[in-house]
Amino acid sequence: MSILEVENITFSYSGENLYQKASMRLFEGEHAVLVGPNGTGKTTLLKLLEKQIKPDQGSIEWMPNKKIGYLDQYAKIDPKLLVKNYLYEVFLPLFEKEKEMEHLYETLATAPEAEHDRILNRASSIGDFLIESDFYSFKSKIGNIIHGLGLTMDLLEEPIKHLSGGMRAKIILGKLLLEESDILLLDEPTNFLDIKHIDWLTKFLINYPKSYIVVSHHEEFLRDIATTVFALENGLITRYKGNYEFYLSEKELRVQQQEKAYVAQQKFIQKTEEFIQKNITRAKTTKRAQSRRKMLTKIERVIKPTHSKTYHFHFPLSSTTGRDVLVTDTLEIGYSEPLLEPLSITVMKQEKVAITGKNGIGKSTFIKTVLDIVPKLGGEFKWIDTAKIAYFEQDSKFDVGLTPFQVVHNKYPHFTKKEVMSLLGNHGIDFDMANRDITTLSGGEQTKVRLALLRHQKGNVLILDEPTNHLDIHAKEALMDALLEYQGTLILVSHEKEFYEEICDYEISLYTTE
């Protein structure tokens, strides 16, 4: 049974037509993924489905009384709120009841004997109430989700403002999974997950008894969870009833067929237009020419297939360094307290090093500490004096109102307009995108702009903090090629093992001894 009907929607965003009379249906219990290159409107479609925004034309109808859960990693949450208060929310009264019951049992030791029966009866009735409310099953599920996402139970007592970006995203995802919605709309749920936690989420979704639509650029994840693929192609939503492998093979066939149909139709149109031009003014043939002109106006045009963008990422080398590029000696990182045991490491000339570890462990804090953005808590670090550092910061923000063209021009004011547009084009940002408010671009498009800003820094040490978040598959492959070609020293923070293992000489895994 269909639980979602999308009929002939059109939607324009900042002057760009994302959908042209697009339609789709989602069925009860269907496990679907939504795919397409950066900028085709995947996140926008999820927001349309969640009724955050409305289509310009067409309709979106959900089956009545269905609970929709939408993952918004950038949702605003009161930073002073305790994690448990945010996570549990509707279940907090049950936790308060459990506390009351535990307190009653504790008072038995000091209460007069005459009060024991009353206290026991009250505690017992609360226990029965908790059992009837399925509280203990829920509590077990909370533990499963907390640990499955790589968090710890003691985190529940922390204010949200103390969480790293990755931990905050996990808490948002965890709450969504706890709510057991009829339909899950998940936008890039793996972005802040380590490999083993992606494995846990994969199993959770495979066994999820209800429906979901997932957007992700993590190809292995998509292969594991998809039974249906919705592909955003040429402003339409194409349904592939099968797994991700079926989608890839079927898509290739469809593109080949569409390419042939497009070429054949273009030849026919050209030949017909030539006939019209030659015969429209001749008395004997004008009616035939007019008939063919009328026919051309009614013909349904085959859309030219769009091919994946080509990228030309490059990180130039300015000069060489000496041998020991970065040395830390019992370096302590953190904020009020150290996050890790003291770090003593050496990164040498032209080494490519991956910084790994579970989310929230301190990978970004380590990078920001050795860059003097976050003060060290103890120990020492030293860069070689010839180091020239180019730094890609995870999820740095752009000012509202600036276009990608202005962002690049502000960075490189001596560039001509043609040079700015060429730089952006090499990174997959076309003319239209280059002149839109940068905050209206997708996460992947914004990442490409930030990578473009590194193109002419000409350093000899490149530091990238989670550069693949939001990137589509083709952009990710191009980035990998560019990093393999890079001749300087690379320090790469990444949770994508299949990405960093192809590039790096070794990894430095951060961990606590707790």
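Quick notes on this structure:
- Assigned charges on the beta-carbon of Lys, Arg, Asp, Glu; the stretch 135-266 dipole about Cα centre (debye): 240
- Placing unit charges on each Cβ (+1 for Lys and Arg, -1 for Asp and Glu) gives the chain a dipole about its Cα centre, and among 339, 198, 125 the Cα reaching farthest toward its positive end belongs to 198.
- Per residue, the stretch 168-287 exposes 48 Å² of solvent-accessible protein surface, assessed with a 1.4 angstrom probe and all protein chains in place.
- Size of charge dipole - the chain - debye, nearest 20, with Cβ of Lys, Arg +1 and Asp, Glu -1, no other charges: 4120
- For the stretch 193-257, averaging the sequence separation of C-alpha pairs within contact (under 8 Å, six or more residues apart) and dividing by the residue count gives a relative contact order of 21 percent.
- In degrees, nearest ten, helix 165-178 long axis to first principal axis of the chain (Cα): 90
- For the stretch 323-459, the solvent-accessible area with a 1.4 angstrom probe is 47 square angstrom per residue.
- Net lengthening on full extension, residue 419/residue 264 (0.36 nm per residue, minus Cα-Cα): 52.1 nm
- When its C-alpha radius of gyration is set against 2.2 N^0.38 Å (N residues), the stretch 165-294 gives a value of 1.79.
- Other residues whose C-beta falls under 11 angstrom from the C-beta of residue 262 contribute a net charge of +3, scoring Lys and Arg +1 and Asp and Glu -1.
- Positive-end extreme of charge dipole, the chain - chosen from 503, 412, 479 (charges on Cβ): 412
- Of 54/241; 363/417; 251/448; 260/298, pairs whose Cα-Cα distance is over 29 Å: 363/417
- The apolar share of the surface of the stretch 1-102, taken as the fraction of accessible area on carbon and sulfur atoms (1.4 Å probe, ligands and nucleic acids excluded), comes to 51 percent.
- Spatially proximal lysines relative to residue 97 (Cα-Cα < 24 Å; intrachain offsets below 8 disregarded): 80, 84, 139, 141, 175
- For peptides 191-198, 255-262, 466-473, sequence by mean Cβ density within 10 Å, most packed first: 466-473, 191-198, 255-262
- Residue 297 exposes around 110 Å² of accessible area when a 1.4 Å probe is run over every protein chain in place.
- Relative packing of peptides 434-443, 501-510 - highest average C-beta neighbours within 10 Å first: 434-443, 501-510
- Protein heavy-atom accessible surface, 1.4 Å probe, per residue over the stretch 1-61: 45 Å².
- Note on the stretch 364-443: with neighbouring protein chains present and a 1.4 Å probe, carbon and sulfur make up 54 percent of its accessible heavy-atom surface.
- Contact order relative to length of the chain, as percent, for alpha carbon pairs under 8 angstrom and 6 or more apart: 17
- Around the Cα centre of the stretch 436-514, unit charges on the Cβ atoms of Lys, Arg, Asp and Glu (plus for the first two, minus for the last two) sum to a dipole of about 500 debye.
- Mean shadow area of the chain, taken as a quarter of the surface of its Cα convex hull (nm²): 32.2
The values are calculated or read from the model by the stated rules, or taken from the named source; none is laboratory data. Just so we're clear, the structure is a prediction, and the values are computed from it rather than from any experiment. In this analysis, Cβ positions are derived from the backbone assuming ideal geometry, glycine residues included, and neighbour counts consider all displayed protein chains. Each accessible area value is taken on the protein alone, full model and side chains, heavy atoms only, with ligands, DNA and RNA left out. Shrake-Rupley method; radii C 1.70, N 1.55, O 1.52, S 1.80 Å.
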